[in-house]
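The values are calculated or read from the model by the stated rules, or taken from the named source; none is laboratory data. Being a predicted model, the structure only gives us computed values, none of them experimental. Every residue, glycine as well, gets a Cβ built from its backbone with ideal geometry; the counts of neighbours run over all protein chains shown.
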Amino acid sequence: MNRFKIDRRLILAIVVIGLATVVWLLLTIGLIASTLDSAQRAVLAEQLAPRFVLIGMTWVFGLVAIASTLRWLFRRYASAPGRLLEQTKVLLAAPRAAPMNHLGTTETQALAEVIFELAAQRDTLRADVATQIAQASLSVQQEKNRLAALMSELTQSVVVCNLDGRIILYNSRARLQFKALSVAPTLAGGAELVGIGRSIYAVFDRQLVAHALESIQQRLSRGAGSPSAQFVTTTQAGQLLKVQMAPVRNVDALGSAAEISGFVLMLDNVTRAFEEEHLRDQLLHGLTEGSRSSLANIQAAVEMLAFPDLEAPMHERFLTVVREEVHSMSARINDMTQQATQGLKARWPLEEMLGADVLLATQRRIEARNQRPVTLENLDASVWLKVDSFSLTQALDYLAMRLVDEFDVKFFRLRLQASGNRAQLDLIWSGQAMSTETVMSWEMDSMRFGAESTPLTVRDVIERHGGEMWFERERVRHEAFFRFLLPLASVQEQLEATQILQSDSRPEYYDFDLFQTTDQSSALEDRRLSELSFTVFDTETTGLNPSEGDQIIQIGAARIVNGKLLRQESFEQLVNPGRLIPAATVPIHGITQDMVKSKPPITQVLPAFYSYAQDTVLVAHNAAFDMKFLQLQERNTGLVFNHPVLDTLLLSAVVHPNQESHRLEAIAERFNITVLGRHTALGDAMVTAEVWLRLLPLLQAMGIITLRQAREAAQKTYYARLKY
């Protein structure tokens, strides 16, 4: 938006001057006429009458010349102080001063340079203070890092909430588990459930949590030192969760624990365990009922066999009954044992690991136990495995030990490479050939390591992984190898595991300041802007006419909670528009038809975005455009986006009425914000979020503190008249 806005003061000045010139002209004619007699006045009127149009045109041209001169003078002298004031306020709100590039009089330009120098000195002082604070708080930061590392490495999902149920901390495992609980985990990474400032009641029933809290408070009142509560609940996605709750208590000045300020939830998905337990109960019940019948038949047969005068055919018949029932009972017990063993194997944890890490662990183990060198070859560093690394390395170590003991193999090589949707892991050696029967016996024997033994076999390990193993010879190279065919981690699991590895043992997801917030009884409109949570979003579309069939092709969003931009909790999703993307728009947003053809339609994406934005205020740049696209989908989705909406374009015009441009790039330049990913939905949303954080203190300085005041101020601007 770069429309020129005419200052009312300039219009008023032109009107006053125009009226003054008309009055001056009339007075001049009147004075001249008063010096003439009636005949002369008649002649003068006769001469001027045909020339009134010329006189009027001369007056108009003169007024235009005066107006142009006034406009130039006004922009140079009258507007310059206003622009300088706005730029100075930007310097006050900005974290770091940027050159002002002020256009005005020589005096205001000199003043702008002095103001910039003062702001630069302020930045230097801020940096010095920040350095001193960082040094003073080094010990606190170390404790914080220890907590970060602990939270990041926990294998259990941990979520910390304040008393209102707002999430203030969660670890990576919780993020992955909440994604699994999502109704649509593949949309935008399942981002609609978890997040700083989000309500835990999107997953758990409020009454259930309240009951557990009440139970803890009662135990505290009775003097319990470390009370906790447990409950099991079913999520909307049908998952069964076991939850342990512990209180977070404030500490008073004397160091003793005071009232509860929040609670910690430790989550465990017990869906599979519950199903396995139910299956075991069914197996036990079937065994009991079947054995009862068999035992009754055996007892009856034994009683009949006790008769001494029993005829031989009957004697043989009852012996047959005993044999059959014993065989039946034995078969049932064997079946139950096998199923129980499978259940035991199924409870082994499979984790996503880099294949290189698995091979390095195996290399160290074989070299340490067998005193044989092991080299790695053709190692594909991009291969991720879903394995139980302990049992797998144990099986490889066992096979290497048998080769050393029985064939005196001198060295080994390990090789890993992807093959379709599986990975091939090879244990290679050179030496004497071995028979297939020997391989099969090694595969089926329980693994023993000197005095240590385990009931597991190599075959058990392979079956647990759903893989295969075989023996091959390479006669030309005089080599042989065991090949393990193992499952690859899914693409999403690889991405998530990579994100966890790259977190540097630091939890990204916490905001302890939220312990201080509580739900307000006042209406949302009257709440302070600093207390609200915001979803800043942007859309990319097929065109600029939503009412004429253009559709959304991408939605990007980020959340602002407690005055902080949560970059790691972003929402980004491509959308299949169900129509062709015009070729002319592709260079703008970079989204092609191939990129969206396999993506979900807007009717599937909007419910996830609606959940993501729940309980927040929507913020967008030129929000009327984006909201029109959402409103046109109300009939198709049944979702009404009745969230409060703020527009950074309108609010920029409120804060900076003397600036000619309120385009996103122009505002970002004024605030010294680096623009990355322009014309991508998430990139524009991030820039808009940064702009909103800069506008907040400027609005507060103008007395615009509440949501209602911000919306009312925005509606009074010129740009609020734009419609789509």
Quick one: would you say G420 is assigned by TED's automatic domain parsing to the domain that holds D357 and surrounded by fewer than 14 Cβ atoms within 10 Å (Cβ to Cβ)? yes
Answer yes or no: is there a residue in region 212-229 that is under 30 Å from I560 (Cβ atoms), in the same structural domain as G262 (by TED's automatic domain parsing), modelled with pLDDT of 85 or more and in a loop (DSSP other than H, G, I, E, B). no
If you check A110, A67, which single one turns out to be in contact with a helix residue (DSSP H, G or I) (Cβ under 6 Å, 6 or more places away or on another chain), of a type outside the set (D, E) and more than 26 Å from V691 (Cβ to Cβ)? A67
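I want to confirm something. Restricting to region 571-592 and keeping residues that are more than 27 Å from the chain's Cα centre (by Cα), closer than 24 Å to L187 by Cβ and not aliphatic (A, V, I, L, M), which single residue is surrounded by the most Cβ atoms within 10 Å (Cβ to Cβ)?
Looking only at region 571-592, we keep the residues that are more than 27 Å from the chain's Cα centre (by Cα), and these are 579-585, 587.
When the remaining residues are screened for being closer than 24 Å to L187 by Cβ, the result is 579-581, 585.
Subsequent filtering for residues that are not aliphatic (A, V, I, L, M) retains 579, 585.
Numbers: R579: 13, T585: 18.
Top of the filtered list is T585.
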Filter region 77-112 for residues that are among the charged types (D, E, K, R) and exposed (fewer than 13 other Cβ atoms within 10 Å of the Cβ); which is farthest from S652 (Cα to Cα)? E107
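Can you confirm whether region 50-67 contains a residue that is in contact with a His (Cβ under 7 Å, 6 or more places away or on another chain) and either modelled with pLDDT under 75 or farther than 29 Å from A119 by Cβ (or both)?
Start the filter on region 50-67 by keeping residues that are in contact with a His (Cβ under 7 Å, 6 or more places away or on another chain), which leaves none.
No: zero hits.
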Would you check if F609 is buried (at least 23 other Cβ atoms within 10 Å of the Cβ) and under 23 Å from the mean Cα position of the chain (by Cα)? yes
Answer yes or no: is there a residue in region 594-605 that is surrounded by 20 or more Cβ atoms within 10 Å (Cβ to Cβ), in contact (Cβ under 8 Å) with a residue 24 or more places away in the chain and part of a loop (DSSP other than H, G, I, E, B). no
Report whether or not A608 is of a type outside the set (K, R), over 28 Å from Y201 (Cα atoms), assigned by TED's automatic domain parsing to the domain that holds E712 and in contact (Cβ under 8 Å) with a residue 40 or more places away in the chain. no
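Just give me the residues in region 643-692 being on the phi < 0 side of the Ramachandran plot, part of a loop (DSSP other than H, G, I, E, B) and under 23 Å from the mean Cα position of the chain (by Cα), in sequence order. Don't jump to the end; show me each part of the working.
So in region 643-692, the residues on the phi < 0 side of the Ramachandran plot come out as 643-671, 673-676, 678, 680-692.
If we keep only those that are part of a loop (DSSP other than H, G, I, E, B) as well, we get 643-644, 656-663, 671, 673-676, 678, 680.
Of everything in region 643-692, those that are on the phi < 0 side of the Ramachandran plot, part of a loop (DSSP other than H, G, I, E, B) and under 23 Å from the mean Cα position of the chain (by Cα) turn out to be H643, P644, I673, T674, V675, L676, R678, T680.
What residue, of D268, D281, D252, is acidic (D, E) and modelled with pLDDT of 80 or more?
Details: D281 fails: modelled with pLDDT of 80 or more; D252 fails: modelled with pLDDT of 80 or more.
The unique qualifying residue is D268.
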Does S157 satisfy being at pLDDT 70 or above, under 16 Å from the mean Cα position of the chain (by Cα) and either within 30 Å of Q573 (Cβ to Cβ) or assigned by TED's automatic domain parsing to the domain that holds L682 (or both)? no
Just to be sure before I move on: is A395 within 19 Å of M469 (Cα to Cα) and hydrophobic (A, V, I, L, M, F, W, C) in the structure I sent? yes
Candidate set: region 646-677, residues that are in contact (Cβ under 8 Å) with a residue 60 or more places away in the chain and in contact with a strand residue (DSSP E or B) (Cβ under 7 Å, 6 or more places away or on another chain); chosen: the one surrounded by the most Cβ atoms within 10 Å (Cβ to Cβ): D647
Determine whether V404 is touching a Gly at 6+ places or on another chain (Cβ under 7 Å), within 21 Å of L376 (Cα to Cα) and β-branched (V, I, T). no
Being of a type in the set (D, E) and within 16 Å of the chain's Cα centre (by Cα) is the requirement here; does E540 meet it? no
I'd like the full set of residues that are modelled with pLDDT under 90, more than 15 Å from A685 (Cα to Cα) and not in a loop (DSSP other than H, G, I, E, B), limited to region 553-590. A583, A584, T585, V586, P587, I588
So is V655 of a type in the set (A, V, I, L, M, F, W, C) and farther than 13 Å from V536 by Cα or not? yes
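Which members of region 28-74 meet the condition of being of a type in the set (K, R) and free of Cβ contacts under 8 Å to residues at least 12 places away in the same chain? Full working, then the answer.
As a first pass, look at region 28-74 and keep what is of a type in the set (K, R): 41, 51, 71.
If the condition is that a residue be of a type in the set (K, R) and free of Cβ contacts under 8 Å to residues at least 12 places away in the same chain, then R41, R51 are the ones that fit.
I'd like the residue in region 304-320 that is assigned to a helix (DSSP H, G or I) and either in contact (Cβ under 8 Å) with a residue 24 or more places away in the chain or surrounded by fewer than 12 Cβ atoms within 10 Å (Cβ to Cβ) (or both) and, out of all such residues, is nearest to the chain's Cα centre (by Cα).
Pass one, region 304-320, residues assigned to a helix (DSSP H, G or I): 304-305, 312-320.
The next check asks that each one be either in contact (Cβ under 8 Å) with a residue 24 or more places away in the chain or surrounded by fewer than 12 Cβ atoms within 10 Å (Cβ to Cβ) (or both); those that pass are 312-313, 316, 320.
Working: A312: 80, P313: 78, E316: 74, T320: 68 Å.
For region 304-320, the residue satisfying everything is T320.
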